[in-house]
Amino acid sequence: MIMNPFSNSSRARERFLEAILQSAIEYAIISVDLDHKVTTWNEGARRILGWEESEIIGQPIGVIFTPADRETGVPQREMTAALAEGHADDERWHTRKDGSLFWASGQLMALRSDDGELEGFLKILRDRTEQRENEQRQRVLMHELSHRIKNTLSVVQAIISQSFRSAASMEDVEQAISARINAYAHAHDILLQ
């Protein structure tokens, strides 16, 4: 059985939902009316995007999109997708009040009345800039590691080839390869120091 966390009054329910909305500080939670104007703005939206609630209520939701996304109709396409699918996933650059960009992932959902009439939209975003930068650094490091491994294998191949060319016996080849690979490993140690 699920316990009711608030009394039966609708005001208590409103206070309960408002407390949840305002405590979700890691998420920008924004509602938008049918004219695409911001109608609610939680504390997470203020922290992530920079506008105070009093500055943004009544403003077009497009201000949080990059100029390029606004020009190409991304906000409208998101709303169309939310209407068709019930939600639209969002993973792109967004704009803060100060003009800086941040990478966000989130979702836009259609808000409907009990009768099923469209009343507006709910947009939920999370700042993923740090995660995206970490993933980008990891891709660069993996590319660099791959490049270095290929270079190392080329050097080893050259060591083996050179050792066979200059050796008189298989014993000489084995000694030459071992000595050259040890010298190569030592050179790597010196570079790391």
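The values are calculated or read from the model by the stated rules, or taken from the named source; none is laboratory data. Everything numeric in this text was worked out from a predicted model, so none of it was measured. When we count neighbours, we look across all protein chains shown, and the Cβ atoms used for this are built from the backbone with ideal geometry, even at glycine. Keep in mind that these areas ignore ligands, DNA and RNA; they rest on the heavy atoms of the full protein, side chains included. Shrake-Rupley method; radii C 1.70, N 1.55, O 1.52, S 1.80 Å.
Among the listed residues Thr72, Thr40, Thr80, which satisfies the condition of being hydroxyl-bearing (Ser, Thr, Tyr) and modelled with pLDDT of 95 or more?
Residue meeting the stated conditions: Thr72.
State yes or no: is Arg139 under 33 Å from the mean Cα position of the chain (by Cα) and not assigned by the TED database to the domain that holds Glu55?
yes
In region 57-91, which residue that is buried (at least 18 other Cβ atoms within 10 Å of the Cβ) and touching a His at 6+ places or on another chain (Cβ under 6 Å) is nearest to Gly116 (Cα to Cα)?
Out of the qualifying residues, it is Ile61.
Against the definition (open to solvent by 60 Å² or more (accessible area, probe 1.4 Å) and either in contact (Cβ under 8 Å) with a residue 24 or more places away in the chain or touching a His at 6+ places or on another chain (Cβ under 8 Å) (or both)), how does Leu49 come out, yes or no?
No, not satisfied.
State the number of residues belonging to region 51-72 that are over 19 Å from the mean Cα position of the chain (by Cα) and not in a helix (DSSP H, G or I).
Of the residues in region 51-72, 7 are over 19 Å from the mean Cα position of the chain (by Cα) and not in a helix (DSSP H, G or I).
Residue check, Ser161 against (1) among the small types (Gly, Ala, Ser); (2) in contact with a helix residue (DSSP H, G or I) (Cβ under 9 Å, 6 or more places away or on another chain); (3) not assigned by the TED database to the domain that holds Trp41, all met but one. Which one?
(2)
Scan region 164-172 and tell me whether some residue there is among the aliphatic types (A, V, I, L, M) and surrounded by 15 or more Cβ atoms within 10 Å (Cβ to Cβ).
Scanning region 164-172, I find at least one residue that is among the aliphatic types (A, V, I, L, M) and surrounded by 15 or more Cβ atoms within 10 Å (Cβ to Cβ), so the answer is yes.
Report, by residue number, each residue of region 92-125 that is among the charged types (D, E, K, R) and crowded, with 18+ Cβ neighbours inside 10 Å.
Lys123
Residues that are under 27 Å from Glu130 (Cβ atoms), outside any helix (DSSP H, G or I) and of a type outside the set (A, V, I, L, M, F, W, C): does region 73-86 have at least one?
No - not one qualifying residue is present in region 73-86.
Tell me yes or no: at least one residue of region 116-128 is in a helix (DSSP H, G or I) and among the β-branched types (Val, Ile, Thr).
Scanning region 116-128 turns up no residue that is in a helix (DSSP H, G or I) and among the β-branched types (Val, Ile, Thr).
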